[in-house]
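Coordinate-derived values only; no laboratory data. Note that this is a predicted model, so its numbers are computed, not measured. Counting neighbours? That spans all protein chains shown, and the Cβs are built from the backbone with ideal geometry, glycine included.
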Amino acid sequence: MREIVIKIPEFKGIIPDEFKLHVLRAYKEFLLAFKSLVEKRIEKIEALEKELQEGKSIKKIEVQ
């Protein structure tokens, strides 16, 4: 019986470091963008809480 050996390159050999760095930076930018959305929503909720504490009534809450 004959044995066939297939060599598969390591992961490091397939994807260059430059590509990995670019992907990491893009992922970081995505997370920062998402973080800004969350922070904006938290600010709106805090503003609504403040209005409720001051005794103002809330007629409409926008949900997007």
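Here is how the numbers come out for the structure above:
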| quantity | calculated |
| --- | --- |
| Filter pass, residue 56 being loosely packed, with under 10 Cβ neighbours inside 10 Å, assigned to a loop (DSSP other than H, G, I, E, B), without any contact (Cβ under 8 Å) to a residue 40 or more places away in the chain and of a type outside the set (Ser, Thr, Tyr) | no |
| Flag if residue 15 is loosely packed, with under 10 Cβ neighbours inside 10 Å, over 22 Å from the mean Cα position of the chain (by Cα) and aliphatic (A, V, I, L, M) | no |
